[in-house]
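Here is the structure we will look at, set down as structure tokens.
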Amino acid sequence: MTGKNGKTAKENKASKGLAGPGGPTATGWAVLMALFAIIAMFGLGLLSSGMRGVRMGIFDTLLESGLGAFMLVLAIAGVALYGRRSREDPSRKITVSNWRVVSMLLWLGIVNMMAFGVPHFSTTAIGRYWFWPNLSSRFLVYDPTTCIQYEMNLEILNGAQSYYVTIWVPLLIFYVMIFLLGRFWCGWLCPIYLLQDGLGRIRSALKVSYLDLPPKAVMVLDRLKYVLLFLITFGGVASVTNLLPKFFRAQTPLSCEICPARPICITSQQIAGVESWNTKFPWWSATMGICVILLSFKIRNFWCRVCPLGAMMAIASPRALLRLEKDGSKCTRCRICARVCPMDIEDIYEAKGSQNVTCPTCVHCYKCVEKCPEAGCLSVKFLGKTLMTSKATSVGPCTVKPKGKPAQPEACLTK
Amino acid sequence: MPFGKKEDPARDKVQGAPRHAGIADLKAKTPRYITPGIGDNVEFQRERTVEASKKQIHQELERMRKMPGRPKAMEYFEKVAEFFTARAEEVKLWKQQGGKVVGTLCVFIPHEIIDAAGALPLRVGSGFHEAVHPANELLADAGLCPMVKATLGCKMVEASPYFSMSDMIVSPTPCDAKMKLAEILQDYMPVLIINMPRVKSGSAVRRLWTDEIHILMDRLEELTGNRITAQSMRKSIDKYHKAHLAWRRFMELRKRGNIIWGRDALLVGQMSDIDNIERWAQNVQKLCDELEARAGKPEEFVDKDRPRILLGGSPIVWPNWKIPTLIEETGGIIAADELCSGMRIFRDPVISDESSLDSLVEAVSDKYFYPCTCPSFSPNLEREDNILNMIKEYEIEGVIYHVLRGCHLNALDSTKVDVLLKAKKMAVLKIETEYDEGDVEQIRTRIEAFFEMIFVKREFEGKEGKAAEATGEKVWGTATPVESKGSMEDQSYKAEDRVETGVTGPGEVKKEG
């Protein structure tokens with residue numbers, strides 16, 4: 001009760017202000033994270049390009065690592081700003097889903113423009129060794145970053161000469177990133193996620209419901225991605241060596257043969273005039289790409305369910321520093337988190353106590369945090385500090401405004 | 001359904017007889033329960049029941065009006081609560097204009113869907129004390145829950161205007177009494193029985209429940225002739241969402257302290273079941289505005305130092321205000337409730353990020369099923385968490401667990417709640433009662449003793465709390481010692497001469513609770 005003593009009044013205020021355990025330091029932590037990211041980017045880029053004997057000027061290095069860090073800052077500041085804004089403005093026009101789209105579009109626009117024939121912005125190659133999963137391909141004339149899958153195949157194939165040193169460095173960089181931010185990449189920067197997200201929005205606007213996968217199918221697809229990872233890593237190597245009969249042998253590794261992003265890269269470069277029109281169209285990967293587009297229309301996040309890169313990240317992401325946590329005592333078990341989850345994760349709903357509920361399949365889209373109606377129940381934490389937390393006011397009404405005539409006639413209701 | 005298309009047993013005419021062929025089949029062709037002679041003096045009984053119920057409503061409203069510091073905005077809810085007058089006229093007018101009325105029982109039936117179909121949803125569970133008697137005539141089970149009896153009695157003698165005006169009743173099956181009530185009611189009117197799973201785990205359960213809601217949609221479409229579309233669904237979800245937000249605001253305000261009488265809050269919540277939901281939401285906002293305007297002024301709190309009570313257990317339906325009145329006239333205040341006729345109505349919002357009809361229906365049916373803390377579910381962790389949370393959030397000092405005689409599920413759950421709360425050193429009082437007023441004085445004595453115990457606890461823990469504050473520990477449920485000063489002059493139940501009880505030792509009193 002207020003008025004009994006000052007302590008309870010303060011508590012009341014705290015519970016009313018809906019501040020998470022991290023309090024108002026979310027923005028401060030976003031800045032710290034950004035600095036951390038700059039250092040990590042700079043150091044790792046330097047390490048990796050140094051290992052490869054790439055020389056670069058200090059200015060270029062700063063430019064490129066700065067750009068990468070800038071992207072991260074934008075994404076993370078989005079999360080923090082979102083948290084702040086919704087605290088001030090309960091009507092909450094900017095949802096975290098919209099922030100994600102902005103972030104993905106920016107990443108696509110600035111970093112992945114090379115996939116569309118825009119020349120490289122700098123002469124050095126440090127950015128190529130960030131090894132962030134990306135819309136990058138061997139087939140790009142100006143490739144923004146290096147595709148880690150291709151790199152792995154190449155290294156397994158030819159690495160004996162360099163004692164496989166060059167495969168461990170990319171993997172190290174990759175896993176350091178995963179250790180820092182988990183699968184944050186998936187929901188916030190991945191260009192294929194952007195494609196899926198757009199298709200999902202179109203589907204929803206057309207009032208078509210998604211295909212509700214039964215739990216078993218979800219499980220099978222989940223396993224499938226590890227099989228795919230194995231196949232394209234080792235099978236990919238086999239496909240370009242003499243281990244297989246001639247029929248199965250390919251010019252390029254298997255991962256490139258079935259990569260759904262490859263046709264996009266090649267065709268867009270041809271349109272831009274960078275690539276020759278005589279280049280053979282990759283039919284296998286085009287088929288794969290079309291399948292992904294069709295399935296993503298009806299199944300939420302189809303590609304994320306089978307993404308082999310996702311499998312690489314999934315191994316480490318639950319223990320990442322950026323994690324999703326649940327306060328079990330505040331949960332009303334309404335199942336909203338499980339229903340809105342595009343990856344059909346039930347674990348968050350089922351978790352009973354207070355714990356880290358980051359699943360290997362979680363793509364950090366934070367839809368559950370956005371939609372959770374209980375204040376402080378779900379929160380995004382980095383090193384134990386709250387970046388974003390669910391709000392009681394997050395019961396923002398519906399995403400689509402009703403149109404047409406009301407179903408119930410305005411009738412008899414007198415004063 | 002796996003892979004897309006929702007399977008609808010009702011529409012599946014090829015594979016055999018449909019489960020519910022239509023509205024007409026929802027009513028029994030020949031009466032199965034009504035034996036000759038039962039409806040003989042209905043006219044007389046109706047008059048008697050209606051008179052007694054009107055008197056009961058009037059009496060309870062008068063008692064509530066006597067309480068000090070009531071907000072002005074409560075007048076609107078009182079008007080709706082009069083039951084037989086203004087609101088009944090409105091519904092009558094709605095019927096005359098060709099509108100359909102669908103009565104619901106329990107808290108599980110999505111009013112959004114009924115609204116989207118263009119019908120008027122009204123919850124028809126009854127709290128009329130007098131209506132129990134006609135039902136006793138028909139029922140072979142004298143030990144049945146009085147709420148179910150009263151509901152049946154209301155239909156037997158047509159005592160409740162909303163029940164009589166309903167074109168169809170939708171009844172879920174949370175407990176045995178409700179199941180059979182639905183079946184018996186089929187003798188009188190079309191009743192759609194919704195099969196309700198009672199364990200929440202597994203995807204099959206979810207499918208079953210959603211399918212049942214789809215059957216409800218089919219029957220509603222048949223009744224009203226309107227098709228439920230994504231747009232109409234969205235519109236009614238928004239409508240109810242506004243009501244939900246208004247209610248949430250009200251609850252946030254209640255966390256400040258004793259700003260409103262618990263009976264008033266209970267009444268506001270229950271009127272959402274029979275009122276026009278949009279107008280109801282506006283009036284709740286008005287009420288919140290008024291309460292907010294009082295902040296910082298001397299009239300902010302109705303009575304600051306009363307022990308804050310959590311009322312849980314069996315449904316308390318207007319105008320069965322026996323226990324709430326007793327609590328608040330004996331010197332306590334209901335700070336929060338855990339009743340399906342109270343705060344459980346707006347427990348969680350409907351949230352969907354999709355806009356197709358199927359997704360919206362799924363969102364709605366999830367809302368009415370998963371977060372529900374009805375004791376019919378097992379294992380019911382939600383309920384335990386909810387009670388503990390409420391105690392923390394509303395700074396509860398004692399829990400009164402109300403059991404209607406014959407409500408087995410709540411009676412059984414009371415043990416669980418008792419064990420759970422005693423471990424947290426929370427005072428618990430279980431009251432088992434019926435609809436008649438024979439045990440009023442006995443219960444009053446028990447509640448008085450319970451409050452005495454809380455005051456002693458305050459004194460006892462106040463010292464301990466201070467000691468703990470000094471060492472930096474937090475004692476849960478701490479309250480400062482205050483003199484007991486309930487407004488005893490306002491007692492309107494016939495008061496016996498109260499003897500000032502001396503403060504007894506804590507150990508001695510604790511045995512009593």
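The values are calculated or read from the model by the stated rules, or taken from the named source; none is laboratory data. All figures in this text were calculated on a predicted structure; none of them were measured in a lab. Cβ coordinates were reconstructed from backbone atoms using ideal geometry, including for glycine residues, and neighbour counts include every protein chain displayed.
Tabulated results
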| item | result |
| --- | --- |
| Entirely in segment A:280-353, the helices (runs of 4 or more DSSP H) that have 2 or more residues that are more than 13 Å from chain B (Cβ to nearest Cβ) and in contact with a helix residue (DSSP H, G or I) (Cβ under 9 Å, 6 or more places away or on another chain) | A:283-298, A:302-306, A:308-314, A:347-350 |
| Among residues of segment B:64-95, those that are surrounded by 14 or more Cβ atoms within 10 Å (Cβ to Cβ), in contact (Cβ under 8 Å) with a residue 40 or more places away in the chain and in a loop (DSSP other than H, G, I, E, B), counted | 7 |
| Filter result for the condition that a residue is among the basic types (Lys, Arg) and part of a helix (DSSP H, G or I), over B:Arg198, B:Arg207 | B:Arg207 |
| When residues of segment A:204-227 are limited to those that are more than 16 Å from A:Thr361 (Cα to Cα) and part of a helix (DSSP H, G or I), the one farthest from the other protein chains (Cβ to nearest Cβ) | A:Ala205 |
| Residue count for segment A:254-278, restricted to those that are in contact (Cβ under 8 Å) with a residue 40 or more places away in the chain and part of a loop (DSSP other than H, G, I, E, B) | 6 |
| Residues that are at pLDDT 70 or above, part of a helix (DSSP H, G or I) and small (Gly, Ala, Ser), drawn from segment A:136-194 | A:Gly187 |
| Filtered residues of segment B:358-396 (kept if among the small types (Gly, Ala, Ser) and facing another protein chain (nearest Cβ under 10 Å)) | B:Ser359, B:Ala363 |
| Index of the failed condition, B:Glu278 passing every other in (1) facing another protein chain (nearest Cβ under 10 Å); (2) among the charged types (D, E, K, R); (3) not in a helix (DSSP H, G or I) | (3) |
| Number of the condition not met by B:Ser203 [criteria: (1) surrounded by fewer than 19 Cβ atoms within 10 Å (Cβ to Cβ); (2) over 20 Å from B:Asp358 (Cβ atoms); (3) modelled with pLDDT under 90] | (2) |
| Single match in B:Gly118, B:Gly103, B:Gly143 (criterion: touching a Gly at 6+ places or on another chain (Cβ under 7 Å) and outside any helix (DSSP H, G or I)) | B:Gly143 |
| Test: residue in segment A:294-303 that is without any contact (Cβ under 8 Å) to a residue 24 or more places away in the chain, of a type outside the set (Gly, Ala, Ser) and closer than 17 Å to A:Asp222 by Cβ | yes |
| Every residue from segment B:303-320 that is assigned to a loop (DSSP other than H, G, I, E, B) and within 12 Å of another protein chain (Cβ to nearest Cβ) | B:Asp303, B:Lys304, B:Asp305, B:Arg306, B:Pro307 |
| Flag if B:Thr373 is among the β-branched types (Val, Ile, Thr) and surrounded by fewer than 16 Cβ atoms within 10 Å (Cβ to Cβ) | no |
| Where A:Ala375 falls short, out of the listed (1) buried (at least 24 other Cβ atoms within 10 Å of the Cβ); (2) within 14 Å of chain B (Cβ to nearest Cβ); (3) in a loop (DSSP other than H, G, I, E, B) | (1) |
| Residue within segment B:45-64 that is modelled with pLDDT under 95, under 23 Å from B:Lys297 (Cβ atoms), in contact with a helix residue (DSSP H, G or I) (Cβ under 9 Å, 6 or more places away or on another chain) and within 14 Å of another protein chain (Cβ to nearest Cβ) present | no |
| Some residue of segment B:73-82 being within 29 Å of B:Lys367 (Cα to Cα) and touching a His at 6+ places or on another chain (Cβ under 8 Å) | no |
| Selected residue [free of Cβ contacts under 8 Å to residues at least 24 places away in the same chain, closer than 21 Å to B:Glu252 by Cβ and buried (at least 23 other Cβ atoms within 10 Å of the Cβ)] from B:Ile334, B:Ile351 | B:Ile351 |
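Table: residues versus (1) part of a helix (DSSP H, G or I); (2) away from chain A (no Cβ under 13 Å); (3) surrounded by fewer than 23 Cβ atoms within 10 Å (Cβ to Cβ).
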{"position": "B:Met233", "(1), (2), (3)": "yes, no, no"}
{"position": "B:Ile237", "(1), (2), (3)": "yes, no, no"}
{"position": "B:His241", "(1), (2), (3)": "yes, no, yes"}
{"position": "B:Leu245", "(1), (2), (3)": "yes, no, yes"}
{"position": "B:Arg249", "(1), (2), (3)": "yes, no, yes"}
{"position": "B:Glu252", "(1), (2), (3)": "yes, no, yes"}
{"position": "B:Gly257", "(1), (2), (3)": "no, no, no"}
{"position": "B:Val268", "(1), (2), (3)": "yes, yes, no"}
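For (1) under 25 Å from B:Lys255 (Cα atoms); (2) modelled with pLDDT of 95 or more; (3) more than 21 Å from the chain's Cα centre (by Cα), each residue gets a yes or a no:
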position: B:Arg383; (1), (2), (3): yes, no, no
position: B:Leu388; (1), (2), (3): yes, no, no
position: B:Glu393; (1), (2), (3): yes, no, no
position: B:Glu397; (1), (2), (3): yes, no, yes
position: B:Ile400; (1), (2), (3): yes, yes, no
position: B:Arg405; (1), (2), (3): no, no, no
position: B:His408; (1), (2), (3): no, no, no
position: B:Asp413; (1), (2), (3): no, no, no
position: B:Ala423; (1), (2), (3): yes, no, yes
